[in-house]
Amino acid sequence: MRLRPYEWLIIAFYTYVASIAPFFIPKGERRWLGAATAAIGAAILLGLTRRYVILRDWIPIAFTLGAYREMNWFTPAIRDHHLELSWIAWDRWLLDTNHLRAAVESLGPLVPSLLEICYVLVYAIAPISLTILFLTSPLSLRRQRVNIFWFAYLAGTLAAYALFPYFPSDPPRVVFAGSDLPHIVTAFRRFNLAILGQYGIHSSVFPSAHVSAAFSCAWGLLIAMPDLRRYGWIVAAYASLVAIATIYGRYHYATDALAGFAISFLAFAALGQRPGRTHVVPSLRE
């Protein structure tokens, strides 16, 4: 068996990371770790082509997590926060001048809790979306749809990761500590902050990979299942809540969220796709 299109995309991303690492990491073992990781990843994917069909359907989840963790290698020792200082004005315009925070908190902890739940569910939205695809697709179309979904998801998500080294930045809750924060602190928010404190990366927040990943799932479902678009639009609505959550919760700047959305859409639209169209890139039908 041969590599699937999305598996080639994974190999391309890991190779890209290996090629730029020496330019961003001037010394130490980490500058060559990317090359070793890329080689091991390619070997795993090639090894799975022999007989592990079901595992190949799910393995992108592990490779996406690995790609996310790789981005921590690019955390700069020193930064001047000039990007964050230019981005914060838009946030305050949204949160205060246009009363986004007040609107979110108008019903008490209900909406803030919902937004925090949406934010944490980003870590599970890809397997949830793939499960929807498996449960609703006839066997004859399942392979094609898996290929399309993963290519859309990985194109948008990995494209966001690929930009991290060029935009070193910290989240607004860190750079502007104590400012612009939610007035309502829920248990879900404390949970999210604990996860980010333990497992988050510190290289960049631009573009928002949370937003990009959520919308990439939506585009993937819309394109892969044009006969069942309601699932894609449900995920798109969910992704919109994730975008609001990143700004309200001060996990990201509004600029990050907008860029994450744009990248998720453009990454797959560049291949001639549009949500709802039945045309599929021929190579993704394999």
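The values are calculated or read from the model by the stated rules, or taken from the named source; none is laboratory data. Bear in mind that the values here come from a model prediction, so they are computed numbers and not experimental data. Positions of Cβ are generated from backbone atoms using ideal geometry, with glycine treated the same way; all protein chains shown enter the neighbour counts. Accessible surface is based on the protein model in full, side chains and every heavy atom, while ligands, DNA and RNA are left aside. Shrake-Rupley method; radii C 1.70, N 1.55, O 1.52, S 1.80 Å.
Taking amide H as placed 1.01 Å from N in the peptide plane, the amide H of R250 sits under 5 Å from none that are at least 5 places away or on another chain.
Exposure check, 1.4 Å probe, all protein chains in place: Y123 carries approximately 110 Å² of accessible surface.
Charge dipole (Cα centre; +1 on Lys/Arg Cβ, -1 on Asp/Glu Cβ; no other charges) of the chain amounts to roughly 960 debye. The portion of the accessible surface of the chain made up by carbon and sulfur, rounded to a whole percent, is 68 (1.4 Å probe; DNA, RNA and ligands excluded).
Placing unit charges on each Cβ (+1 for Lys and Arg, -1 for Asp and Glu) gives the stretch 1-83 a dipole about its Cα centre, and among L48, W58, I10 the Cα reaching farthest toward its positive end belongs to L48. Rounded to the nearest whole Hz, the Karplus-based 3J(HN,Hα) values (6.51 cos²θ - 1.76 cosθ + 1.60, θ = phi - 60°) of the stretch 205-218 follow the sequence 10, 10, x, 6, 6, 4, 5, 4, 5, 5, 5, 5, 4, 4, with x at glycine and proline.
Taken over the stretch 150-209, the ratio of Cα radius of gyration to 2.2 N^0.38 Å equals 1.33. Label point 7 Å out from R190 along Cα-to-Cβ: which residues of the stretch 238-259 have amide N under 15 Å? No residue qualifies, since no backbone N sits under 15 Å from the label point.
When the residues I78, I61, I54 are ordered by accessible surface, computed with a 1.4 Å probe over the protein chains alone, the sequence from largest down reads I78, I54, I61. Find the Rg to Rh ratio for the stretch 104-247, where Rh is the Kirkwood radius over alpha-carbon pairs and Rg uses the same atoms. The Rg/Rh ratio comes out at 1.02. Label separation (H202 vs A36): 2.3 nm, computed from points 7 Å beyond Cα along the C-beta direction.
Per-residue SASA remark: F134, around 40 Å² accessible (1.4 Å probe; ligands, DNA and RNA not included).
Take the stretch 1-134 with all the other protein chains still there, run a 1.4 Å probe, and you get 54 Å² of accessible area per residue. Largest GNM mean-square fluctuation across A35, A270, A239, computed for the chain with C-alpha springs under 10 Å, falls on A270. Solvent-accessible surface (1.4 Å probe) assigned to H82 amounts to roughly 110 Å². Dividing the convex hull volume of the alpha-carbon atoms in the stretch 1-101 by its residue count gives 143 Å³ per residue.
Applying D = kT/(6 pi eta Rh) to the chain, where Rh is the Kirkwood radius over alpha-carbon pairs, T corresponds to 10 °C and eta to 1.306 mPa s, the Stokes-Einstein value obtained is 81 µm²/s.
Free of any trypsin sites (Lys or Arg not before Pro) that DSSP assigns to a loop and that have at most 13 other C-beta atoms within 10 Å, the longest stretch within the chain is 52-276.
When the chain is treated as a Gaussian network with alpha carbon springs shorter than 10 Å, the biggest mean-square fluctuation among D180, D96, D256 belongs to D96. Per residue of the chain, the DSSP helices (runs of n ≥ 4 H) give a summed -39500 (n - 2.57) that works out to -22000 deg cm²/dmol at 222 nm.
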